[in-house]
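Here is the structure we will look at.
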Amino acid sequence: MKRFIGHCILITTLILATTVVSADTSHETTDKTLRMTLTDAVSLALRSNRNIAIYYLNRVLQKYDLEIAEAEFIPNVNLEVTSSPIFTDAYTTFKGSKSKTLTEYWNAGTTLSATHKIPTGGAFTFSWENTYTNTRTKTDGAVLSPYTSPSVWSLKFDQPLLKGGGIDFTRAALIRARLQEQENILSLRDNISSIIESTITAYNSFYRSSRNLKIRKTALEEAKKQLETNKILVETGRMAANELVQSEAQVADQEFSYEEALNTVETNRLALLDILDIDKTTQIIPDEEITIKERKPDYETCLDIALGHNLTFIQKINAVKTSELSLMEQENSRLWDLDLTARFKEDYDTYMWKSHTDDDKAREWYVGLTLTAPFELYGNDRIVKRKNLLAAKKLLKVARINLDEAKSDLETQIQNAVRNVYTQLKLVRRSQKSLELAQMKLEFEKTKLNVGRSTIFQVVSFQNTLVEKQEAELNQTISYLTSLITLDRLLGKTLETWNIELKGNYGKLEKELMGYR
């Protein structure tokens with residue numbers, strides 16, 4: 001599997017605004033520990049994720065579907081060679097006299113044929129048959145070796161004028177194949193984008209849990225430090241001994257929260273490693289601070305982009321086009337058969353006993369029209385044809401309704417996504433301001449406690465509030481980044497945002513697949 005992955009790596013460009021560090025050069029501290037940025041995680045996922053190999057293996061066959069459809073109007077040329085040698089040795093006895101007959105029969109032939117279909121539905125057919133037959137008979141020394149070598153060539157043209165004819169009808173299969181290829185490419189794009197999104201989400205979750213662990217560790221250390229300070233205050237008579245219970249309870253609560261944070265970190269680490277498809281014993285250390293880069297998306301611009309790139313919407317557009325083709329084919333199938341046929345044929349016969357002056361050539365040509373007019377006056381055939389036509393019309397109408405619904409849904413989704421980006425950014429600013437105030441309130445309350453103007457309960461309450469604000473600010477930052485991911489997915493711009501270009505080495509992959517056992 002690794003060999004397949006190596007041939008279908010799609011990252012030909014991964015240029016970010018920050019310095020790109022490939023998975024091969026991630027900051028490695030030990031054999032089992034990696035210092036990793038988000039860019040490193042995305043790069044490593046695209047290099048090692050096994051699903052990418054599956055996506056590109058699928059593309060090998062999908063590309064053939066379009067090639068087959070586009071080759072419909074390319075001439076098909078075939079050469080067939082036959083050879084049939086037969087040897088016979090016979091003895092006969094008549095009135096005591098023996099006779100020996102040796103027969104050598106050899107038949108060989110070649111047939112060259114070419115067919116060229118044209119967009120109007122017609123087809124040119126060329127055929128050239130050459131045969132050589134030689135029978136060599138030797139009886140008691142006498143040799144007879146007659147041969148024949150006929151040659152026949154013909155050129156034929158067939159053109160349906162009603163049913164089965166016309167450029168639109170003939171090119172329907174090609175149009176379907178191109179629509180399907182468009183969806184296949186966009187599907188590959190979205191599948192790769194999904195891996196990127198999953199990697200970003202997993203990395204952000206791991207980063208958040210790691211930051212929460214630090215917050216909880218700091219809170220625990222602060223609670224222990226405050227407990228020691230309060231013990232000194234008790235010893236000096238500046239605090240009642242029973243007030244230490246509050247500080248001890250705070251330490252116990254923070255130890256509990258710290259253990260929970262440890263477990264969450266481990267869970268998120270394994271989830272990230274599963275996406276990256278690397279050794280599950282590897283320890284990861286986030287090597288960057290997540291920062292916010294403000295984006296100000298415009299609804300109209302985003303909607304225009306989504307209408308041209310969103311896979312779900314494009315599938316609805318293609319469904320309408322496909323239904324229109326199906327209806328056209330059904331209407332065409334109800335027409336009469338009127339076919340034009342033209343043919344020219346020339347036949348050469350060559351025999352051993354013919355002289356050069358013998359006329360051994362035959363020519364034939366004809367042009368004709370064939371009309372077949374079916375009348376389903378009564379019975380099952382008439383009902384089936386009407387039902388098929390109604391079904392095609394119904395599918396087209398449903399496809400157009402679904403397209404209108406898809407456009408309305410996409411407009412709503414874009415509106416929500418754009419608004420959510422702005423809302424999440426405002427909430428980030430609010431959470432940052434709230435965190436700043438919580439820090440100031442805690443410091444002020446500690447100062448009051450030292451001069452006896454506050455209580456441990458108040459300080460502990462403010463400490464818990466600070467921890468909550470720190471977590472809320474971190475969670476809000478991640479939520480803002482998630483809103484950008486959601487918007488990119490709707491716009492079909494995830495790869496563009498990350499400056500990733502999809503290029504598969506299909507020739508190499510196909511060659512390796514042919515040799516796979």
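If the condition is being exposed (fewer than 15 other Cβ atoms within 10 Å of the Cβ) and under 30 Å from Leu179 (Cα atoms), then the range 255-313 contributes Asp298, Tyr299, Glu300, Thr301, Asp304, Gly308.
Exactly one residue among Asp277, Asp287 is acidic (Asp, Glu) and either at positive phi or over 33 Å from the mean Cα position of the chain (by Cα) (or both), and that residue is Asp277. Of the residues Ala223, Ala173, Ala202, which single one is closer than 30 Å to Lys316 by Cα and in contact with an Asp or Glu (Cβ under 9 Å, 6 or more places away or on another chain)? Answer to the selection: Ala173.
Does Leu179 satisfy being touching a strand residue (DSSP E or B) at 6+ places or on another chain (Cβ under 8 Å) and either under 30 Å from Phe457 (Cα atoms) or of a type outside the set (Lys, Arg) (or both)? Against the criterion (touching a strand residue (DSSP E or B) at 6+ places or on another chain (Cβ under 8 Å) and either under 30 Å from Phe457 (Cα atoms) or of a type outside the set (Lys, Arg) (or both)), Leu179 does not qualify. Can you confirm whether Glu183 is part of a helix (DSSP H, G or I) and closer than 20 Å to Thr39 by Cβ? So Glu183 fails the test.
Residue pairs whose Cβ atoms lie under 7 Å apart, separated by 6 or more positions or on different chains, with the first residue in the range 403-431 and touching a residue at least 24 places away in the same chain (Cβ under 8 Å) and the second of a type in the set (Lys, Arg) and not in a helix (DSSP H, G or I), are Val421/Arg295. For the range 370-426, a tally of residues being among the aromatic types (Phe, Trp, Tyr) and in contact with a Cys (Cβ under 8 Å, 6 or more places away or on another chain) returns 0.
Answer yes or no as to whether Ile314 is in the same structural domain as Ala406 (by TED's automatic domain parsing) and either over 28 Å from the mean Cα position of the chain (by Cα) or in a strand (DSSP E or B) (or both). It is false that Ile314 is in the same structural domain as Ala406 (by TED's automatic domain parsing) and either over 28 Å from the mean Cα position of the chain (by Cα) or in a strand (DSSP E or B) (or both). Listed by first and then second residue, the pairs linking a residue in the range 311-335 that is closer than 13 Å to Gly164 by Cβ to a residue that is surrounded by 18 or more Cβ atoms within 10 Å (Cβ to Cβ) and among the aromatic types (Phe, Trp, Tyr), with Cβ atoms under 8 Å apart and 6 or more places separating them unless they lie on different chains, are Met328/Phe169; Glu329/Phe169; Asn332/Phe169.
The residue list Asn230, Asn212, Asn204 contains one member that is crowded, with 20+ Cβ neighbours inside 10 Å, assigned by TED's automatic domain parsing to the domain that holds Asn450 and in contact with a Ser or Thr (Cβ under 6 Å, 6 or more places away or on another chain), which is Asn230. When the range 182-201 is limited to residues that are among the aliphatic types (A, V, I, L, M) and surrounded by 17 or more Cβ atoms within 10 Å (Cβ to Cβ), the one that is farthest from Leu44 (Cα to Cα) turns out to be Leu186.
The residues on offer are Leu179, Leu174, and the sole one that is crowded, with 18+ Cβ neighbours inside 10 Å and modelled with pLDDT of 90 or more is Leu179. List the number of the failed condition for Thr486; all other conditions in (1) touching a Ser or Thr at 6+ places or on another chain (Cβ under 8 Å); (2) assigned to a helix (DSSP H, G or I); (3) within 30 Å of Ser198 (Cβ to Cβ) hold. The failed condition is (1).
Hey, does the range 429-438 have a residue that's charged (D, E, K, R), at pLDDT 90 or above and touching a helix residue (DSSP H, G or I) at 6+ places or on another chain (Cβ under 6 Å)? No, every residue in the range 429-438 fails to be charged (D, E, K, R), at pLDDT 90 or above and touching a helix residue (DSSP H, G or I) at 6+ places or on another chain (Cβ under 6 Å).
Please verify whether the range 373-396 includes one or more residues that are at pLDDT 95 or above and of a type in the set (Ser, Thr, Tyr). Within the range 373-396, none of the residues are at pLDDT 95 or above and of a type in the set (Ser, Thr, Tyr).
Of all the residues in the range 447-466, those that are out of contact with any Ser or Thr (no Cβ under 8 Å at 6 or more places or on another chain) and either modelled with pLDDT of 80 or more or crowded, with 20+ Cβ neighbours inside 10 Å (or both) number 9. Got a sec? Which of Leu425, Leu449 is assigned to a helix (DSSP H, G or I), touching a helix residue (DSSP H, G or I) at 6+ places or on another chain (Cβ under 7 Å) and closer than 30 Å to Leu307 by Cβ? Of the residues listed, the single one that is assigned to a helix (DSSP H, G or I), touching a helix residue (DSSP H, G or I) at 6+ places or on another chain (Cβ under 7 Å) and closer than 30 Å to Leu307 by Cβ is Leu425.
The selection criterion, being surrounded by 15 or more Cβ atoms within 10 Å (Cβ to Cβ), among the polar types (S, T, N, Q) and either over 30 Å from Thr229 (Cβ atoms) or in contact with a His (Cβ under 6 Å, 6 or more places away or on another chain) (or both), does not hold for Ser434. Only residues that are under 30 Å from Thr301 (Cβ atoms) and either among the aliphatic types (A, V, I, L, M) or at pLDDT 90 or above (or both) were counted across the range 499-517, and they come to 2. So, of the residues in the range 261-292 that are free of Cβ contacts under 8 Å to residues at least 12 places away in the same chain and part of a loop (DSSP other than H, G, I, E, B), which turns out to be farthest from Tyr480 (Cα to Cα)? Restricting to residues being free of Cβ contacts under 8 Å to residues at least 12 places away in the same chain and part of a loop (DSSP other than H, G, I, E, B), the top hit is Lys280.
The values are calculated or read from the model by the stated rules, or taken from the named source; none is laboratory data. Since the structure is predicted, the reported quantities are computational estimates derived from the model, not experimental observations. Positions of Cβ are backbone-derived with ideal geometry, glycine not excepted, and every protein chain shown enters the neighbour counts.
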